[in-house]
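Accompanying notes for the structure given below.
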Amino acid sequence: MSRPHSTSSPEPPAPGPWWRDAVFYQIYPRSFADADGDGIGDLAGIRDRLGYIELLGADAIWLNPVMRSPMADHGYDVSDPRDIDPLFGDLDDFDELVREAHARWIRVVMDLVPNHTSSAHPWFAAALAAPPGSRERARYHFRDGRGPDGDEPPNNWPSIFGGPAWTHITDPDPNGQQHQGRPGQQHQGRPGQQHQGRPGQWYLHLFAPEQPDLNWGNEEVFDDLERTLRFWLDRGVDGFRIDVAHGMAKPDGLPDHDGWQSNKLLSHFDTDPRFNDPNVHDIHRRIRKIFDEYPHAVAIGEIWVHDPQRFAEYLRPDELHLGFDFHLALTGWDATAIRAAIDGSLAAVAPVQGTPTWTLSNHDVSREVTRFGGGPIGIARARAMILVELALPGAVFVYNGAELGLADVDLPDEALQDPVWTRSGHTDRGRDGCRVPLPWQGDRPPFGFTAATQGWLPQPESWAALTAERQLEDVTSMLSLYRSALELRRRRPELSGGIDWYGSPPGCLAFRRHGGLTCALNTTAVPVPLPPGAVLLASTPGVDTQLPPNSAVWLL
Ligand code: NOJ
């Protein structure tokens, strides 16, 4: 690996892009480590734990949003994209984090939220105060309502978080009076409901009302993003994960859609008009031109696209460097489905010679231990799957806490904070269960996460057995397995080249890297004979000639 870019130590020429086989460690800053004792993780907390990330062996950290935000969607509602939210620290803390990470050869990738702003962004405040048709409103999607009184939303799109994708506002009084209401508290498009004040236009928000969608047909929107990109890239960051990278362009006329198939986060379909408009590719080409001026930096798109051809379009040489592939994160404990997901992901990037990416979980989906059945069996399966994932060619994303084998937490109603919970009318518990603060040390909550009595979400007592402190000392722990796998992945030449599949019994899979490593997985309930080879690493102790149930192995 070549040393990460840093403003203080320029990067020497590298043989190939660093991100092509990098392991990115995803940090959810609220939940990682709290240094100032307010119960919420922060940048200083991350800085204090850089030694842990180095020990783990990750090449880069990806930080979920840390920009200034009222936190309606925990940072995905950005009110100033060129500042750090005081909850997490300030720009000096950020610069120091980048500097110290680089000193440990760890790259730093930020989250960028270009599809929408916060409703507290000065642009949106100006849009609410300005009349219909104004330059201020043209930065967003404002429309007149339908129906005789304009009392119905402009189209039938739902918001991903539940409810309509439109919020009705009161226009400013033409005699100069300002708008009074606040987004999220206004008329929600239910016909017959009374307005306070003068009925006005509606604005589009694919997510919460506090996240108005930007109009990417407006040049000011691109210009502002360019400023933001340069602001952080000039400070030395190594790239961006681009939120909703398939959603910035909207179809002309914002037409109604028949046949909504699924409206869950990350599981909408390719025909969904809210995403994948072909014009989004022009936006990515323009963004890429800026990245090309910073050759060390990587652009990683959150692209929720099923069709492999469409997926590949985002990875053309003049668009994104990497695209998140979520298929493994949604695949159950079934060898055939896992193999199909791997094949699908490899095939998707092949036509553009793109780099495959692998993700078992993130801050939006269930943790893999839970997905694979929870308890000891969920842990055994998650251990096996990381050996599969880390044996594959391409870039890997590890969500903080996965390396400790954490499961989703069943939180009480009163603890839930995800806007999904309220927006769904309390029918969908949302994503808080996979965002509970990490257990670092000690025997009881908050397990060294914070000096406060508890973190922003309560941790279960049972995590005493899963603290990083305990697992670092235990060679059989999940953390030790991760460390060994990452170390071998980085050092062993056998983990190179493409893959060939081996024949394997039903419920199993086996593939061989061209460099020479074989990975075998057994998802059945009975042991199966192993292919020939010496065991390099196994997810279950004592593997010899047989691969136990719910296990994987690396062979040479
Ligand atoms: C995708 C992010 O991963 C998710 O957490 C967020 O709520 C939405 N985009 C909206 O920004």
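Being within 16 Å of the ligand (Cβ to nearest atom) and surrounded by fewer than 24 Cβ atoms within 10 Å (Cβ to Cβ), is that true of even one residue in region 83-94?
yes
So for region 141-157 (the condition being modelled with pLDDT of 95 or more, touching a helix residue (DSSP H, G or I) at 6+ places or on another chain (Cβ under 9 Å) and within 16 Å of the ligand (Cβ to nearest atom)), does at least one residue qualify?
no
If we scan region 203-221, do we find a residue that is among the β-branched types (Val, Ile, Thr), surrounded by fewer than 17 Cβ atoms within 10 Å (Cβ to Cβ) and either modelled with pLDDT of 65 or more or more than 16 Å from the ligand (Cβ to nearest atom) (or both)?
Within region 203-221, none of the residues are among the β-branched types (Val, Ile, Thr), surrounded by fewer than 17 Cβ atoms within 10 Å (Cβ to Cβ) and either modelled with pLDDT of 65 or more or more than 16 Å from the ligand (Cβ to nearest atom) (or both).
Among (1) of a type outside the set (Phe, Trp, Tyr); (2) modelled with pLDDT of 95 or more; (3) outside any loop (DSSP other than H, G, I, E, B); (4) farther than 30 Å from Phe372 by Cβ, where does Pro317 come up short?
So the condition that Pro317 fails would be (3).
Any idea how many residues of region 507-533 are exposed (fewer than 13 other Cβ atoms within 10 Å of the Cβ) and either under 25 Å from Glu403 (Cα atoms) or in contact (Cβ under 8 Å) with a residue 40 or more places away in the chain (or both)?
Residues meeting the conditions: 1.
Results for (1) of a type in the set (Asp, Glu); (2) within 27 Å of Asp282 (Cβ to Cβ); (3) crowded, with 19+ Cβ neighbours inside 10 Å, shown as yes or no for each residue.
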{"position": "Tyr314", "(1), (2), (3)": "no, yes, yes"}
{"position": "Glu319", "(1), (2), (3)": "yes, yes, yes"}
{"position": "Phe324", "(1), (2), (3)": "no, yes, yes"}
{"position": "Thr336", "(1), (2), (3)": "no, no, no"}
{"position": "Arg339", "(1), (2), (3)": "no, no, yes"}
{"position": "Asp343", "(1), (2), (3)": "yes, no, no"}
{"position": "Val349", "(1), (2), (3)": "no, yes, yes"}
{"position": "Val352", "(1), (2), (3)": "no, yes, no"}
{"position": "Thr355", "(1), (2), (3)": "no, yes, yes"}
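Quick one: in region 234-254, which of the residues that are more than 11 Å from the ligand (Cβ to nearest atom) and outside any loop (DSSP other than H, G, I, E, B) is nearest to Asp73 (Cα to Cα)?
Checked region 234-254; the qualifying residue nearest to Asp73 (Cα to Cα) is Phe240.
Among the residues of region 288-310, is any assigned to a loop (DSSP other than H, G, I, E, B), within 16 Å of the ligand (Cβ to nearest atom), over 18 Å from the mean Cα position of the chain (by Cα) and on the phi < 0 side of the Ramachandran plot?
no
Failed condition for Asp77, given (1) surrounded by fewer than 21 Cβ atoms within 10 Å (Cβ to Cβ); (2) acidic (Asp, Glu); (3) within 16 Å of the ligand (Cβ to nearest atom), with all others met?
(1)
When you scan region 66-77, do you find a residue that is closer than 30 Å to Ser480 by Cα and either of a type outside the set (A, V, I, L, M) or touching a strand residue (DSSP E or B) at 6+ places or on another chain (Cβ under 8 Å) (or both), even just one?
Taking every residue of region 66-77 in turn, at least one turns out to be closer than 30 Å to Ser480 by Cα and either of a type outside the set (A, V, I, L, M) or touching a strand residue (DSSP E or B) at 6+ places or on another chain (Cβ under 8 Å) (or both).
Would you be able to say whether some residue in region 328-351 is within 16 Å of the ligand (Cβ to nearest atom), of a type outside the set (Ser, Thr, Tyr), assigned to a helix (DSSP H, G or I) and within 22 Å of the chain's Cα centre (by Cα)?
yes
Output the qualifying pairs, or none if there are none: Cβ atoms under 6 angstrom, residues six or more apart or on different chains, first residue in region 247-261 and free of Cβ contacts under 8 Å to residues at least 12 places away in the same chain, second residue surrounded by 14 or more Cβ atoms within 10 Å (Cβ to Cβ).
Note: pairs meeting the criteria are Gln261/Phe269.
Name, by its number, the condition in (1) modelled with pLDDT under 95; (2) not in a loop (DSSP other than H, G, I, E, B) that does not hold for Ser484.
(1)
If you scan region 270-282, which residues turn out to be crowded, with 20+ Cβ neighbours inside 10 Å and in a helix (DSSP H, G or I)?
Val280
Taking into account only those residues within region 26-41 that are in a loop (DSSP other than H, G, I, E, B) and under 23 Å from Leu472 (Cα atoms), which is farthest from the ligand (Cβ to nearest atom)?
Filtering first and then ranking leaves Ala35.
So, in region 487-506, how many residues would count as being surrounded by 17 or more Cβ atoms within 10 Å (Cβ to Cβ), assigned to a strand (DSSP E or B) and at pLDDT below 95?
The number of residues fulfilling the criteria is 0.
All but one of (1) in contact with a helix residue (DSSP H, G or I) (Cβ under 9 Å, 6 or more places away or on another chain); (2) modelled with pLDDT under 95 hold for Gln353, so report the exception by its number.
(1)
Going through Trp105, Trp123 one at a time, which residue ends up being more than 16 Å from the ligand (Cβ to nearest atom) and under 24 Å from the mean Cα position of the chain (by Cα)?
After ruling out the rest, the residue left standing is Trp105.
What are the residues in region 95-108 that are of a type in the set (Val, Ile, Thr) and surrounded by fewer than 23 Cβ atoms within 10 Å (Cβ to Cβ), if any?
Ile106
Quickly run through region 194-246 and pick out the residues that are of a type in the set (A, V, I, L, M) and closer than 17 Å to Ile169 by Cα.
Of everything in region 194-246, those that are of a type in the set (A, V, I, L, M) and closer than 17 Å to Ile169 by Cα turn out to be Leu204, Leu206, Ala208, Leu214.
Please return the ranges of helices (runs of 4 or more DSSP H) entirely within region 361-424 where 2 or more residues are surrounded by 20 or more Cβ atoms within 10 Å (Cβ to Cβ) and within 16 Å of the ligand (Cβ to nearest atom).
419-423
Among the listed residues Ala452, Ala402, which satisfies the condition of being within 17 Å of Arg371 (Cα to Cα) and touching an Asp or Glu at 6+ places or on another chain (Cβ under 7 Å)?
Selected residue: Ala402, the only one of Ala452, Ala402 that is within 17 Å of Arg371 (Cα to Cα) and touching an Asp or Glu at 6+ places or on another chain (Cβ under 7 Å).
The values are calculated or read from the model by the stated rules, or taken from the named source; none is laboratory data. Given the structure is predicted, the values throughout are model-derived calculations rather than measurements. Quick reminder, even Gly has a Cβ in these numbers, built from the backbone with ideal geometry, and neighbours come from all protein chains shown.
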